[in-house]
Structure formats: structure tokens, C-alpha cells
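Student: So that we are looking at the same thing, I have put the structure below in C-alpha cells.
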Amino acid sequence: MTIRVLLVDDESLLRMAFTMILEAQPDMEPVGEAGDGADAIRLARKLRPDVVLMDVRMPGTDGIEATRRIIKDSPPTRVLILTTFDLDEYAFAALKAGASGFLLKNARPDELLTAICSVAAGDAVVSPRITRRLLENFADQLPADGGTELDERVQRLTTREREVLIQVGRGLSNTEIAARLYLAEATVKTHLSRILMKLELRDRVQAVVFAYETRLIRPA
């Protein structure tokens, strides 16, 4: 299967560099380029890429709004944010908008390719621990109280599923959750799959954001 990638960045040299890296891969294809968010939304709607490499700091429509629109228009498309700093307010906002993770712009080519493959496969790129650090740093941007809709979604979970979600929100891996809750790791994976399905979340990173927004986890 060939992974179709849309490149979005206002720096043409960076787009060119990414294009060269992708074209050298037998299982990846750069299908288009955009220099701003509005063009990214238009091209994503037209081309239906598997993955969008999205810069967040762009003139006009920024990468956050573009991410929100692209995911709404084409749910199967995954967005991977490009950012300069790992603890970046823009990266935080992009995760809330539905991005599946972010990657530093100075990442090595092999890190870029691995991230694209992971996102295309439905996995999140950013570890739950980094997501938690973002949430702790920008806690003032979270809702003061969980909204009614989110609270109702929490009620869909069993007691055990809620316990697992809380541990995911704390940044623990499946192995660590298994040890803490005295479960088999395979059982944790099963619970997590059910949690994502019941809460209509895309991946583990979105589960961490959800846990904070609904106050299952409260910022320190």
C-alpha cells in the first residue's frame, strides 16, 4: 500500500526537502503541496491524502484551523503537525483540533518516515507523556468543567475502562497500566480499543486530551 502525503508549509525549501525524502521511498507518494491553510483544506478535499504534514504557523488560515477542517471534511485523513518546539502552544491546540501527533521540523529523515507510517496506520506519534506535559503547560486553555456532552460519553465506560483511561491520561504505557491494575497487557489493549470506540476517539493521544477535558485527570 502506498501512503499518499500532502505537504503543507509556507517555506518552499522545506516542502522541497520533504518531497525529495518521500519520493525516494517505494511506499510513499507526495501528492501535493500547499503554502497556507486555506490551500491545504482545498487540496485535502480534492486529493484525499492518507497523511497531511502540516505546519502550524502560517499566514492567513493557520495549521490549527486547517487541521480542524480537514479532519471534519475527511475523517480517514490523518494530520501530522510540524513544529519547532515540543512544548508549543500551537502543537497543543493542534492535538485538541484532532491531529494524531506532532514532529519537530529538525527531525531526522528516518524519524519523519516512521512518523508518517505510524500515523497512516492509525497510531499516534506523540507519546502520552509528552501529551500530558503539553496539557499541564496549557491547562488554562482547558474547559473549567467538563461539558455535558463529554460527561455523557464518560458514562458509556465501565468502571474498569474508566480506570484504564485514567492511567492512559497519566501517561502510562500499556505495560505500566497492566502492572498497576494487575491485568494482562493484552487485556489492557482490549480495554483501550473499547474505550476509543465508545468515546469516538481517533487514538491514544486523543484519549489523553479527553481525560483532561472531562476532568478525569486534573492538571497539577
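All of the numbers you see were taken from the coordinates with simple rules; none came from a lab. Quick caveat, the model's predicted, so the values are computed rather than measured. Reconstructed Cβ throughout: ideal geometry from the backbone, glycine too, with neighbour counts over all protein chains shown.
Student: Summarise the long-distance tail of P(r) for the range 3-125 by giving the % of C-alpha pairs beyond 17 Å. Show your work: numbers first, answer last.
Tutor: On the way: 3579 of 7503 pairs.
Taking all Cα-Cα pairs of the range 3-125, the fraction more than 17 Å apart is 48 percent.
Student: Given H placed 1.01 Å from N in the peptide plane, which residues other than close sequence neighbours of residue 3 have an amide H under 5 Å from its amide H?
Tutor: Placed amide hydrogens put 28, 29 under 5 Å from residue 3.
Student: Measure off 7 Å from each Cα along the Cα-to-Cβ vector at residue 215 and residue 29, then give the distance between these two points in nanometres to one decimal.
Tutor: Distance between label points: 5.0 nm.
Student: Need the full-extension length gain, residue 19 to residue 46, defined as separation in residues times 0.36 nm minus the C-alpha distance. One decimal, nm.
Tutor: Length gained, residue 19 through residue 46: 7.8 nm.
Student: Whole-Hz ³J(HN,Hα) for each residue in the range 92-100, computed from phi via Karplus 6.51 cos²θ - 1.76 cosθ + 1.60 with θ = phi - 60°, x for glycine and proline: what do you get?
Tutor: Working through the residues one at a time gives 4, 5, 5, 4, 5, 6, x, 5, 8 Hz.
Student: Please give the length that would be gained between residue 194 and residue 11 if that part of the chain were fully extended, namely 0.36 nm times their separation in residues minus their C-alpha to C-alpha distance (nm, one decimal).
Tutor: Stretched fully, the residue 194-residue 11 segment lengthens by 61.8 nm.
Student: Could you size up the charge dipole of the chain around its Cα centre, putting +1 on the beta carbon of Lys and Arg and -1 on that of Asp and Glu, and report it in debye to the nearest 20?
Tutor: Values: 30 positive and 33 negative charges, 164 e Å.
Here the chain has a charge dipole of around 780 debye.
Student: If you take all C-alpha pairs in the range 165-214, what percent of them are over 12 Å apart? Mind dumping the intermediate values first?
Tutor: On the way: 710 of 1225 pairs.
Above the 12 Å cut-off, the range 165-214 has 58 percent of its Cα pairs.
Student: Right, next: All other residues with a Cβ under 13 Å from the Cβ of residue 122 taken together, and with Lys, Arg as +1 and Asp, Glu as -1, what is their net charge? Could the numbers behind the result be given before it?
Tutor: Details: positive: 78, 202, 204; negative: 50, 123, 203.
Net charge in that neighbourhood comes out at 0.
Student: Just to confirm a number: summing +1 for Lys and Arg and -1 for Asp and Glu over residues other than residue 190 whose beta-carbon lies under 12 angstrom from that of residue 190, what do you get? Mind dumping the intermediate values first?
Tutor: Working: positive: 160, 189, 194; negative: 161, 185.
Once all neighbours under 12 Å are counted, the net charge is +1.
Student: Once the Cα gyration tensor of the chain is diagonalised, what are the square roots of 5 times its eigenvalues, in whole Å and ordered largest first, as equivalent ellipsoid semi-axes?
Tutor: Values: eigenvalues 188, 70, 48 Å².
So the three semi-axes of the chain are 31, 19, 16 Å.
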